[in-house]
1. Can you work out which of the residues in the stretch 77-93 that are of a type outside the set (Gly, Ala, Ser) and crowded, with 21+ Cβ neighbours inside 10 Å is farthest from Pro168 (Cα to Cα)?
2. From the set of residues in the stretch 125-169 that are more than 24 Å from Glu222 (Cα to Cα) and basic (Lys, Arg), which is surrounded by the most Cβ atoms within 10 Å (Cβ to Cβ)?
3. Pull up the stretch 68-81, narrow it to residues that are at pLDDT 95 or above and out of contact with any helix residue (DSSP H, G or I) (no Cβ under 6 Å at 6 or more places or on another chain), then point me to the one that is nearest to Val108 (Cα to Cα).
4. Which condition breaks for Val172 when tested against (1) on the phi > 0 side of the Ramachandran plot; (2) assigned to a helix (DSSP H, G or I)?
5. Ala90 versus (1) within 16 Å of the chain's Cα centre (by Cα); (2) at pLDDT below 95: which is the lone unmet condition?
6. How many of the residues making up the stretch 176-197 are buried (at least 17 other Cβ atoms within 10 Å of the Cβ) and within 13 Å of Gly269 (Cα to Cα)?
7. What residue, of Val100, Val86, Val107, is within 13 Å of Val151 (Cα to Cα) and hydrophobic (A, V, I, L, M, F, W, C)?
8. For the stretch 103-147, name all the residues that are under 20 Å from Cys66 (Cβ atoms) and without any contact (Cβ under 8 Å) to a residue 60 or more places away in the chain.
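The values are calculated or read from the model by the stated rules, or taken from the named source; none is laboratory data. What you see is a predicted model; the values in this text were computed from it and never measured. Please note: Cβ atoms are built from the backbone with ideal geometry, for glycine as well, and neighbour counts cover all protein chains shown.
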Amino acid sequence: MTEQAPSGVDPHVPNAARMYDYFLGGKDNFRADRELAERVLSVLPETRDGTRQNRALIGRFVEYLCRQGITQFLDLGSGLPAQENVHEVAHRFTPDAKVVYVDNDPVVCAHGRAMLASPERVAMVEGDVRRPDQILANPDVRALLDFDRPVAVLMMFLLHLIPDVEQPGRLVAAYRDALAPGSYLAISHVGSDVLPERIAPIVQYYRQANSPFCPRPGREIEAFFGDFELIPPGLANGIGPEVVWPFTDPDAVVFLDAELARLGYAGIGRKP
């Protein structure tokens, strides 16, 4: 990407979604994004591998959800298109699955719309996930998703970019309440109770970005699931070899260093 930004986009302010793209090896980022990302890598060089592992985790979760009969997905804070996007994984198992991506970054949305090959099954919506009433009432969301039937809501590497002042628990509850029984909520989130001395500088670096970085302890992350039934093994601290969901093929997963893997929490909950 050149440093000429679309209207309304300030290329001088690092953006969390474009930094994520840089960690994945993408090219949809500006100099400011790359420079701040490199500062993060200077204190936690494993971040690049961790970001790629999260992408792989999304694919594993989507495959599991398809196998449970889920045909509708709402991917909140989806970020820039990458390999193995939600709709690509879902359509391998359920060709008629409907997927709606939501992000508040116009660059993300422009690229998302450009890569959509089947608009009757996939939509990219520009919106603020912190405004659940607006997202849930959006006509493009409603055109594809029927909330009277089960929907899987994905909040992967999203909630640690929403500070406590924004009441993330309240907004997650709003999405949970809108779902029909049999729906699912999937969350991955960086923890604050593992390697806190290495996480602390990253929190400071992200103060220069468009979104803060707010890792949380496991008990707070688990609370986001409310009364949803957690799929075994529950909220997993780590996505390394010591944590294997029933739907995981260990031979198909390249695991991270076990200590680094424990920086992340992940889980899937089902609405009874």
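1. Within the stretch 77-93, the subset of a type outside the set (Gly, Ala, Ser) is 80-81, 83-89, 91-93.
Imposing the further condition that a residue be crowded, with 21+ Cβ neighbours inside 10 Å reduces the set to 80, 85-87, 89.
Working: Leu80: 22, Asn85: 25, Val86: 23, His87: 26, Val89: 28 Å.
Checking each candidate, the answer is Val89.
2. Arg149
3. Going through the stretch 68-81, the residues at pLDDT 95 or above turn out to be 68-76.
Keeping just the survivors that are out of contact with any helix residue (DSSP H, G or I) (no Cβ under 6 Å at 6 or more places or on another chain) gives 68-72, 74, 76.
On the way: Gln68: 30, Gly69: 29, Ile70: 26, Thr71: 24, Gln72: 21, Leu74: 16, Leu76: 12 Å.
Among those residues, the one meeting the criterion is Leu76.
4. Checking Val172 against (1) on the phi > 0 side of the Ramachandran plot; (2) assigned to a helix (DSSP H, G or I), the one that fails is (1).
5. Only one criterion in (1) within 16 Å of the chain's Cα centre (by Cα); (2) at pLDDT below 95 is unmet by Ala90, namely (2).
6. Within the stretch 176-197, residues that are buried (at least 17 other Cβ atoms within 10 Å of the Cβ) and within 13 Å of Gly269 (Cα to Cα) number 8.
7. When all the criteria are applied, what remains is Val100.
8. Leu116, Ala117, Ser118, Glu120, Arg121, Val122, Ala123, Phe147, listed by residue number.
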